[in-house]
Amino acid sequence: MRFHARVGVLPHEREHPQPIEVDVTVWRTRTEDATAATVLDYRRLYDIAAAAVEREPLFLEEIGDETAAAALASPGAERVRVAVRKPHVGLPGPLAHAEVVVERTRGA
């Protein structure tokens, strides 16, 4: 998912929106009965990530934590992994992006 948000610690990062990428992976709860398997609504996962990004200014860690907690609360979710990337980072050397990964398991 791609969004634009004011993210970062530097003053200009908190004034100008930047592209942010959010990947959400959800492992479903296993069931013995295939007809009872919970189907995840991807629109809900998108809305969860969008809501986390809309609270700006903020940090990648906050987006990841909030998205992971809400996604894990979805019916049938057993485990989640959220990767939040910021492609344009002002560092003195080359890099593709800055990334924070949050992983959570139900009951852990």
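The values are calculated or read from the model by the stated rules, or taken from the named source; none is laboratory data. Everything numeric in this text was worked out from a predicted model, so none of it was measured. Heads up, the Cβs are rebuilt from the backbone with ideal geometry, glycines too, and the neighbour counts pull from every protein chain shown.
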*Mind telling me which of the residues 62, 54 ends up being of a type outside the set (A, V, I, L, M, F, W, C) and in contact with a Lys or Arg (Cβ under 8 Å, 6 or more places away or on another chain)?*
62
*asked:* So, in segment 89-108, exactly how many residues are in a strand (DSSP E or B), over 15 Å from residue 26 (Cβ atoms) and free of Cβ contacts under 8 Å to residues at least 40 places away in the same chain?
replied: 2
*asked:* Tally up the residues in segment 45-60 that are surrounded by fewer than 18 Cβ atoms within 10 Å (Cβ to Cβ), in contact (Cβ under 8 Å) with a residue 12 or more places away in the chain and either in a helix (DSSP H, G or I) or among the aliphatic types (A, V, I, L, M) (or both), please.
replied: 4
*What residue, among those in segment 78-108 that are of a type in the set (A, V, I, L, M) and within 15 Å of the chain's Cα centre (by Cα), is modelled with the lowest pLDDT?*
98
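Each row is one residue, and each column tells you yes or no for (1) in contact with a helix residue (DSSP H, G or I) (Cβ under 8 Å, 6 or more places away or on another chain); (2) surrounded by 15 or more Cβ atoms within 10 Å (Cβ to Cβ); (3) on the phi < 0 side of the Ramachandran plot; (4) in a strand (DSSP E or B).
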site	(1), (2), (3), (4)
3	yes, yes, yes, yes
13	no, yes, yes, no
22	yes, yes, yes, yes
25	no, no, yes, yes
43	no, no, yes, no
62	yes, yes, yes, no
67	yes, yes, yes, no
75	no, no, yes, no
80	yes, yes, yes, yes
*Output for segment 61-88, where each listed residue is of a type in the set (Ser, Thr, Tyr) and either without any contact (Cβ under 8 Å) to a residue 24 or more places away in the chain or under 15 Å from residue 21 (Cβ atoms) (or both)*: 67
